[in-house]
Structure formats: structure tokens, C-alpha cells
Amino acid sequence: MEDLNAILTPGMLVRHPAHPDWGVGQVQSNISGKVTVNFRSEGKIVVDSHRVMLTPVFDEGSSLANR
């Protein structure tokens, strides 16, 4: 399986597909398949990018309005 999380860079906004209640998170780092994300509602979480495919958020305003 291709690791599409490899494109995630610090500052990008993402959502965790299994935890929509965490809200939007900001990528802090992406090192060797470990993506550290600071989620507004959950705090700092380290995600194994080989197991979880984070969803990039390109337009936070429209994604929040469409929920």
C-alpha cells in the first residue's frame, strides 16, 4: 500500500477518519511514517501513517460548513 501521508508537511490541516470528533488538526511533523498532529479537541497525537490514512483539509471553511 502506498503511503499517501508522505505528502503531509508541517502546517497542513488534516482530519483523522476514525475520530471526526477530534476536529481539524495541524501537522507538526512527519518523520519515518510517524505523523504528529495537534488536534483542536484532542491535543497532540502521533499517528502511524502505515496504519491510518489522514484526510487533508484544503478549505477548512467549506468543510466545516458542509458538515
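Each reported figure results from applying straightforward, stated rules to the coordinates on display, with no laboratory input. As the structure is a computational prediction, the values presented were derived from the model and not from experiment. Here the Cβ positions follow ideal geometry from the backbone for every residue, glycine too, while neighbour counts run over all protein chains shown.
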**Prompt:** Using beta carbons and a limit of 9 Å, which pairs, at least six apart or on different chains, have the first residue in region 12-31 and on the phi < 0 side of the Ramachandran plot and the second one among the basic types (Lys, Arg) and crowded, with 17+ Cβ neighbours inside 10 Å?
**Reply:** TRP22/ARG15; VAL24/ARG15; GLY25/ARG15
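Starting from residues that are of a type in the set (S, T, N, Q) and surrounded by fewer than 18 Cβ atoms within 10 Å (Cβ to Cβ), keep the ones in region 1-32 and report whichever is farthest from VAL57 (Cα to Cα).
Within region 1-32, the first condition is being of a type in the set (S, T, N, Q), and the residues that meet it are 5, 9, 26, 28-30, 32.
If we keep only those that are surrounded by fewer than 18 Cβ atoms within 10 Å (Cβ to Cβ) as well, we get 9, 26, 28-29, 32.
Working: THR9: 12, GLN26: 10, GLN28: 15, SER29: 16, SER32: 22 Å.
For region 1-32, the residue satisfying everything is SER32.
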